[in-house]
Each structure stands twice: as C-alpha cells, then as structure tokens.
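Peer 1: Quick one: this structure, given as structure tokens, is what I'll be asking you about.
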Amino acid sequence: MQAINASIGFDYRLWREDIQGSLAHASMLASQGIISQSDEAAISAGLTEIGDAIAAGTFTFDPALEDIHTNIEAWLVGRIGEAGRRLHTARSRNDQVATDFKLWVRNAIDATDIQLRDLMRALADRAAEHAGAIMPGFTHLQTAQPVTFGHHLLAYVEMLARDRSRLADCRHRLNQSPLGAAALAGTTFPIDRSMTAQALGFDRPTANSLDSVSDRDFAIEFLSALSIMAMHLSRFAEEIIIWVSAPYRFIRLSDAFTTGSSIMPQKRNPDAAELARAKTGRIFGALVSLLTVMKGLPLAYAKDMQEDKEAVFNAADAAELSIAAMTGMVRDMQADEVRMRDAAGADYATATDLADYLVRDLGLPFRTAHHVTGRLVAAAEARGIDLADLPLAVMQEAEPRITQAVFATLSIEASVAARSAYGGTAPANVAREAAQWQESLR
C-alpha cells in the first residue's frame with residue numbers, strides 16, 4: 001500500500017509551488033484573524049527555511065509521508081511546533097495540490113514560451129540569411145516547384161507562432177485559483193479567496209468548489225498544446241534528417257549535433273534530430289495517459305488523479321530538451337545553396353510556370369495549358385533535357401503561338417521571383433517577412 005500510495009518520488013518537483021501556496025494561505029489566514037500574526041510569522045519563517053534546505057539539497061524526503069505536501073508540513077511542525085499544525089486550517093490536500101499543480105503548469109508554459117520564441121528567432125535569422133537561396137519545394141516528397149530556403153524555414157515560424165498562441169490560451173484558462181475550495185464543498189471559515197488568488201498571480205478564484213478540486217483540464221490542454229508543438233518539431237526534425245542525408249546534402253551539421261557510427265568511420269548521424277523526432281512519442285503518450293486517467297472519474301477528487309503529474313512532468317521535460325536541440329541545430333546548420341539550387345532545377349520544376357505562361361500570355365484555359373505542358377514535359381524527357389532547353393520549334397508543335405518570351409519564365413530564379421503575391425516564396429517577400437519576425441521577436 002505504501003508503495004502504490006506514495007507520490008513523493010515525483011511530486012517533490014512541486015516543492016516551490018507548495019511553499020508559495022502555503023505562504024499565501026498563511027498570510028490570508030492571519031489577515032482574516034483565523035490564525036495569529038505570530039503563528040503566521042513562524043510559519044513564514046519555517047517555510048522559507050524549508051525552501052532553502054530543499055534548494056541546497058539538505059532536505060530529506062520521507063517516502064512514508066506519501067507526498068510533498070505532507071513532507072513539508074511534517075518538517076514544519078517539527079521545527080515550529082503548534083503553529084505549523086494551524087497552517088492546514090481551511091484547506092485540504094485536494095485544493096492544495098490543484099493549486100500547486102496549476103502553478104507548476106503555468107511556470108512550465110512560461111518557460112516553454114521563452115524557448116519557442118528563441119527557436120523562432122533562430123529560424124527567422126536563418127531565413128533572412130537565406131531569403132534568396134533557391135531549393136526544391138516538395139509535395140509527396142517529389143520535386144514540385146522551386147521555393148526559397150528562407151521561405152521554407154519561415155513556414156515553421158508560423159507553426160511555432162500558433163503553438164505559442166495555444167499555450168497562451170491554455171495559460172489564460174488555467175489562471176483561476178482553486179485554493180480555498182477545500183476537500184470538495186468549500187470551507188466554513190471566513191477566508192478571502194481573492195486575496196490568495198491575487199497573491200499567487202491568478203486572475204480570480206475558481207467559482208465552483210467541486211470543479212476546483214476535480215479539474216485537470218489545464219493539464220490536459222497543456223499536454224495537447226505540447227503534442228501539436230511536438231508534431232511540428234518532429235516534422236522539422238524529419239526534414240533535417242532528409243536534408244543531411246547523402247542523396248540530398250542540402251545542409252551540414254557539425255559534430256556538436258551529430259554522432260559517429262560504431263563501425264563506419266565515414267558516417268555522421270543526425271542523432272539530435274532523430275531523438276527530437278522520437279520524443280514526440282513520449283509527449284503524445286502523456287496526453288493519452290492523462291485523458292485515460294480522467295475519462296471515468298465521477299466528481300470530485302479520486303486518488304486516480306495522483307497519476308496526472310508524472311505524465312505532465314515527463315512531457316514538459318521531453319519538450320524542453322527537444323526545443324533546445326532543434327534551436328541548437330538551426331543555429332548550427334550550414335546550407336549548401338549550390339546543391340539546393342541544382343536540385344531545384346531538376347525534374348521539370350518550372351512546368352507550372354510554363355502552364356501559367358500559356359494561360360497568362362496566350363489566353364489558354366488552364367486545363368488546356370496543363371495538357372500542353374504535359375506534352376512538352378514528355379518531349380523534354382524523351383530528349384533527356386530540361387524544359388528550358390527544348391527548341392522553340394518543338395514547343396510550337398504543341399502550341400503554335402508560343403514565342404521566344406516563354407524562356408524568360410522557365411528559369412528557377414524567374415519562377416521564385418514571380419511568386420510575389422502575399423505569402424509567396426519570392427525572395428523580396430521572404431526578406432520582408434523574416435525582418436518582421438526578427439523585429440517582433442526581439
């Protein structure tokens with residue numbers, strides 16, 4: 001029973017939040033005349049001493065005391081005596097742990113936001129550096145149209161901006177204080193829940209005591225936002241893995257973010273990217289785990305909810321490490337612009353530009369232009385040449401009105417420059433967007 005019941009092995013991580021909540025609670029109790037000012041002073045001094053001891057590594061956690069809350073309270077009573085026993089007046093471990101956990105998740109959101117902003121800044125810097133570097137754009141991992149490397153990197157800036165927005169929404173919704181809801185029904189003592197909410201940086205107290213102690217939506221929403229973010233990081237990690245592979249070699253990573261093979265001395269493996277991709281599974285698993293814990297629980301508190309913290313702690317740790325690794329790789333990677341440009345010009349990547357020319361300059365319906373372009377691609381393939389190298393006479397066999405002007409549209413430089421509509425890959429667009437992100441993330 002002791003082994004299955006104890007949570008001190010992981011919830012010790014809530015010690016700062018537990019002390020913070022207890023200090024606010026004691027201050028409110030004294031302000032309301034529920035405990036004496038001298039008791040509050042003794043409690044405050046004792047809690048501060050405990051915090052110093054835990055931070056210094058000299059505090060001994062006792063597994064027999066189940067959790068962080070009981071460990072801290074037992075130590076406090078041992079130091080200051082009767083005053084320590086008065087701290088738990090007008091609260092329960094149910095509202096205490098809900099408050100601690102909300103504070104921890106709120107801090108984790110703030111820390112994640114700082115990391116994401118740093119990663120976005122790194123991507124915007126590299127995008128500005130490579131605003132005009134042409135690379136192949138892919139659909140189905142097949143060469144589709146030329147884009148710029150900077151444009152590609154800014155796509156991830158947009159994704160991460162949405163991730164930050166989701167985390168901010170989560171933070172806003174969780175920022176109500178459960179403290180004072182007690183076990184499930186509230187308390188008979190004349191407490192001031194608004195005072196403790198304000199002291200702890202919450203917007204307001206929670207409105208329903210049953211919901212206050214049984215709610216873990218904030219943790220689930222945090223894991224959901226982390227899961228979407230991890231999916232974005234995993235997609236980027238996958239692209240880095242492809243880009244550094246021998247058939248591509250679009251970028252290089254230094255030894256700081258690669259490892260060697262145990263038997264093949266020539267290999268450098270992108271292990272940091274691979275591990276960031278793999279840690280996505282931990283974060284997804286944490287979300288499913290907590291959803292499964294909560295799905296069948298009647299109101300209010302049940303011990304099942306002790307299983308909420310490990311999932312959140314593990315996911316937050318995995319996210320922190322993954323973001324740090326991805327940020328490091330973005331700053332470390334060196335793009336091979338020549339190789340990317342050569343790849344962008346292969347596989348008839350400007351075929352769409354030819355079709356657009358037929359529609360724009362010759363007035364063909366797009367479906368007709370699509371058919372003509374297909375015939376010309378087939379003709380180029382049969383000759384083993386690129387579209388831009390097809391003789392004009394051959395092009396005119398497919399559409400007599402084609403003129404020499406068509407060749408101005410078939411270079412990859414012309415292709416990317418022409419896509420100047422808002423959101424397009426034109427180098428001028430990319431440079432402008434990168435500069436705006438750099439300024440907003442400053």
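Peer 1: For segment 386-442, give me every one of the helices (runs of 4 or more DSSP H) that falls completely inside it and has 2 or more residues that are surrounded by 16 or more Cβ atoms within 10 Å (Cβ to Cβ) and at pLDDT below 95.
Peer 2: 392-398, 412-418
Peer 1: Take segment 14-60 and flag every residue that is of a type in the set (Asp, Glu) and touching a helix residue (DSSP H, G or I) at 6+ places or on another chain (Cβ under 9 Å).
Peer 2: First pass over segment 14-60, keeping only residues of a type in the set (Asp, Glu): 17-18, 39-40, 49, 52.
Scanning segment 14-60 gives GLU17, ASP18, ASP39, GLU40, GLU49.
Peer 1: Can you find a residue in segment 133-143 that is open to solvent by 60 Å² or more (accessible area, probe 1.4 Å), modelled with pLDDT under 95, out of contact with any strand residue (DSSP E or B) (no Cβ under 7 Å at 6 or more places or on another chain) and polar (S, T, N, Q)?
Peer 2: Yes, the conditions are met somewhere in segment 133-143.
Peer 1: For segment 87-105, how many residues meet the condition of being assigned to a helix (DSSP H, G or I) and open to solvent by less than 20 Å² (accessible area, probe 1.4 Å)?
Peer 2: As a first pass, look at segment 87-105 and keep what is assigned to a helix (DSSP H, G or I): 93-105.
With the extra rule that they be open to solvent by less than 20 Å² (accessible area, probe 1.4 Å), the set shrinks to 95-103, 105.
Total satisfying the criteria: 10.
Peer 1: For segment 317-346, enumerate the residues that are of a type in the set (Gly, Ala, Ser) and either within 29 Å of LYS279 (Cβ to Cβ) or in a helix (DSSP H, G or I) (or both). Can you show your working first?
Peer 2: First, the residues of segment 317-346 that are of a type in the set (Gly, Ala, Ser): 318-319, 322, 324-325, 328, 335, 343-346.
Residues satisfying the conditions are ALA318, ALA319, SER322, ALA324, ALA325, GLY328, ALA335, ALA343, ALA344.
Peer 1: Run down LEU160, LEU174, LEU153 and say which single residue is under 28 Å from the mean Cα position of the chain (by Cα) and closer than 30 Å to THR409 by Cβ. Show your work before the answer.
Peer 2: Details: LEU160 fails: closer than 30 Å to THR409 by Cβ; LEU174 fails: closer than 30 Å to THR409 by Cβ.
Answer to the check: LEU153.
Peer 1: Going through segment 106-129 one residue at a time, which ones are more than 16 Å from ALA318 (Cα to Cα) and open to solvent by less than 10 Å² (accessible area, probe 1.4 Å)?
Peer 2: Result: MET120, ALA122, LEU123, ALA124, ALA127.
Peer 1: Could you run through segment 102-140 and say how many residues are hydroxyl-bearing (Ser, Thr, Tyr) and either touching a residue at least 24 places away in the same chain (Cβ under 8 Å) or farther than 26 Å from TYR248 by Cα (or both)?
Peer 2: Residues meeting the conditions: 1.
Peer 1: Okay, moving on. Which of the residues spanning segment 266-288 are of a type in the set (A, V, I, L, M) and more than 21 Å from ILE251 (Cβ to Cβ)? So that I can check it myself, show each step before the final result.
Peer 2: Taking segment 266-288 as the starting set, the residues that turn out to be of a type in the set (A, V, I, L, M) are 272-273, 275-276, 278, 283, 286-288.
Those that are of a type in the set (A, V, I, L, M) and more than 21 Å from ILE251 (Cβ to Cβ): ILE283, ALA286, LEU287, VAL288.
Peer 1: Could we say that ASP353 is surrounded by fewer than 15 Cβ atoms within 10 Å (Cβ to Cβ) and either part of a helix (DSSP H, G or I) or of a type outside the set (Asp, Glu) (or both) here?
Peer 2: Details: surrounded by fewer than 15 Cβ atoms within 10 Å (Cβ to Cβ): no; either part of a helix (DSSP H, G or I) or of a type outside the set (Asp, Glu) (or both): yes.
Considered against the rule, which asks whether it is surrounded by fewer than 15 Cβ atoms within 10 Å (Cβ to Cβ) and either part of a helix (DSSP H, G or I) or of a type outside the set (Asp, Glu) (or both), ASP353 comes out as no.
Peer 1: Going through ASP211, ASP255 one at a time, which residue ends up being charged (D, E, K, R) and either within 30 Å of LYS303 (Cα to Cα) or at pLDDT 95 or above (or both)?
Peer 2: Values: ASP255 fails: either within 30 Å of LYS303 (Cα to Cα) or at pLDDT 95 or above (or both).
Going through ASP211, ASP255 in turn, just one is charged (D, E, K, R) and either within 30 Å of LYS303 (Cα to Cα) or at pLDDT 95 or above (or both): ASP211.
Peer 1: Let me ask you something else. From the residues in segment 149-206 that are of a type in the set (Ser, Thr, Tyr) and surrounded by 15 or more Cβ atoms within 10 Å (Cβ to Cβ), which one is farthest from MET333 (Cα to Cα)? Write out each step before concluding.
Peer 2: Initially, segment 149-206 is screened for residues of a type in the set (Ser, Thr, Tyr), giving 156, 165, 177, 187-188, 194, 196, 206.
Going one step further and asking which of them are surrounded by 15 or more Cβ atoms within 10 Å (Cβ to Cβ), we end up with 156, 177, 187, 196, 206.
Numbers: TYR156: 16, SER177: 44, THR187: 58, THR196: 48, THR206: 47 Å.
The residue in question is THR187.
Peer 1: Considering every residue within segment 26-36, establish whether at least one is in a helix (DSSP H, G or I), open to solvent by 30 Å² or more (accessible area, probe 1.4 Å) and within 27 Å of ALA316 (Cβ to Cβ).
Peer 2: Initial filter on segment 26-36 (in a helix (DSSP H, G or I)): 26-31.
Imposing the further condition that a residue be open to solvent by 30 Å² or more (accessible area, probe 1.4 Å) reduces the set to 27, 31.
From the residues that got through so far, the ones that are within 27 Å of ALA316 (Cβ to Cβ) too are none.
No, that holds for no residue.
Peer 1: Can you find, within segment 156-195, the residue that is nearest to ASN94 (Cα to Cα) among those that are outside any loop (DSSP other than H, G, I, E, B) and among the aliphatic types (A, V, I, L, M)?
Peer 2: Looking only at segment 156-195, we keep the residues that are outside any loop (DSSP other than H, G, I, E, B), and these are 156-174, 176-177, 193-195.
From what is left, the residues that are among the aliphatic types (A, V, I, L, M) are 157, 159-161, 167-168, 174, 195.
Working: VAL157: 40, MET159: 37, LEU160: 35, ALA161: 35, LEU167: 25, ALA168: 26, LEU174: 16, MET195: 19 Å.
Among residues in segment 156-195 that are outside any loop (DSSP other than H, G, I, E, B) and among the aliphatic types (A, V, I, L, M), the one nearest to ASN94 (Cα to Cα) is LEU174.
The values are calculated or read from the model by the stated rules, or taken from the named source; none is laboratory data. Predicted model, so just to flag it, every value in this text is computed and none were measured. Note that each Cβ is placed from the backbone with ideal geometry, even for glycine, and that neighbours are counted across all protein chains shown. Only protein heavy atoms, including side chains, enter the accessible area calculation; ligands, DNA and RNA are left aside. Shrake-Rupley method; radii C 1.70, N 1.55, O 1.52, S 1.80 Å.
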